[in-house]
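Below is one structure; the comments refer to it alone.
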Amino acid sequence: MASPHFVQRTFCPACDHTKFTKVYSTSYKDPHLVGYLHRLYDKQGKIEFDYLEGADFILQECDNCKLVFQEYIPGDQLMVKLYDQWIDPETIKATRFKKDGIDYYKRYAAEIINLLLYLKGYPADKKFFDFGMGWGKWCLMAKAFGVDSYGAELSEERIAHAKSNGIKVLTWDEIPGNDFDFINTEQVFEHIPKPLHTMKHLSSGLKKNGIIRISIP
């Protein structure tokens, strides 16, 4: 493994154990993997295989908790490139935004309603935070109900879009001490290098009896 664009996990992301068993390994030049990446990214923008040169896709199984995880994951710069360039913002705006129908928004609305009923009190007194907010649609739905709505995101394009719609955007260092009633993480934790560390950091932004939801595929 000799790619400057990837970082190695040297411990299990779930339990911090340092002993693993390799269960699968292939090069990013593998035709099956190349075909999959083309099918995934070509319709959203592009993929630059030069950034995958010298990298391998390796799955390890933790000898302690049996979690199967990817050993080498994209570094920060490659993640930014992926979300701001390979997944082209203009392509997404021109296609996916227009295909989100009423059922898509009904699901978000029902989620927010159920949360507010569970938490009780007035929506205007509630503070929600979406960690990994994407284009900010969940935040916007919460905001529409009167909730004080915040988000965080890696992509500068998505951050700019959220800010233009009145969403308050936080950096990593601004999360602690916010007293959020609810923190949403929708399909985020499976991408995080250190999920336990991230969970502890997010918890520092919760009020007493606040809730963090982790939703993964």
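Summary of computed values
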| quantity | calculated |
| --- | --- |
| Condition check for Leu116: crowded, with 20+ Cβ neighbours inside 10 Å and out of contact with any strand residue (DSSP E or B) (no Cβ under 6 Å at 6 or more places or on another chain) | yes |
| Residue in segment 187-197 that is modelled with pLDDT under 95 and aromatic (Phe, Trp, Tyr) present | yes |
| Tabulated pairs, segment 133-159, first over 19 Å from Arg213 (Cβ atoms), second at pLDDT 95 or above, C-beta under 6 angstrom, 6+ apart or interchain | Gly146/Pro123; Gly146/Ala124; Ile159/Val169 |
| Residue in segment 38-51 that is least open to solvent (accessible area, probe 1.4 Å), counting only those that are hydrophobic (A, V, I, L, M, F, W, C) and in contact with a helix residue (DSSP H, G or I) (Cβ under 8 Å, 6 or more places away or on another chain) | Ile47 |
| Residue within segment 180-193 that is of a type outside the set (Gly, Ala, Ser), out of contact with any Phe, Trp or Tyr (no Cβ under 9 Å at 6 or more places or on another chain) and closer than 20 Å to Lys126 by Cα present | no |
| Those residues of segment 150-165 which are more than 22 Å from Ser204 (Cβ to Cβ), outside any helix (DSSP H, G or I) and open to solvent by less than 40 Å² (accessible area, probe 1.4 Å), in sequence order | Ser155 |
| Candidates Asn184, Asn209 - the one that is open to solvent by 70 Å² or more (accessible area, probe 1.4 Å) and part of a strand (DSSP E or B) | Asn209 |
| Top-ranked residue in segment 5-26 [being at pLDDT below 95 and open to solvent by less than 60 Å² (accessible area, probe 1.4 Å); ranked as farthest from Leu82 (Cα to Cα)] | Cys15 |
| Of the criteria (1) loosely packed, with under 11 Cβ neighbours inside 10 Å; (2) modelled with pLDDT of 95 or more; (3) more than 23 Å from Leu202 (Cα to Cα), which one Lys99 fails | (2) |
| Set Asp130, Asp84: member being crowded, with 19+ Cβ neighbours inside 10 Å, acidic (Asp, Glu) and touching a helix residue (DSSP H, G or I) at 6+ places or on another chain (Cβ under 6 Å) | Asp130 |
| Subset tally (residues that are in a loop (DSSP other than H, G, I, E, B), without any contact (Cβ under 8 Å) to a residue 60 or more places away in the chain and among the aliphatic types (A, V, I, L, M)) for segment 1-48 | 2 |
| Filter result (under 15 Å from Phe182 (Cα atoms) and not in a strand (DSSP E or B)) within segment 194-206 | Met199, Lys200, His201, Leu202, Ser203, Ser204, Gly205 |
| Residue list for segment 169-181, restricted to those being surrounded by fewer than 16 Cβ atoms within 10 Å (Cβ to Cβ) and not hydrophobic (A, V, I, L, M, F, W, C) | Thr171, Asp173, Glu174, Pro176, Gly177, Asp179 |
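The values are calculated or read from the model by the stated rules, or taken from the named source; none is laboratory data. In this text, all values refer to a predicted model and were calculated from it rather than measured experimentally. Every residue, glycine among them, receives a Cβ derived from its backbone with ideal geometry; neighbour counts consider all protein chains shown. The area values use the complete protein model at the heavy-atom level, side chains included, leaving out ligands, DNA and RNA. Shrake-Rupley method; radii C 1.70, N 1.55, O 1.52, S 1.80 Å.
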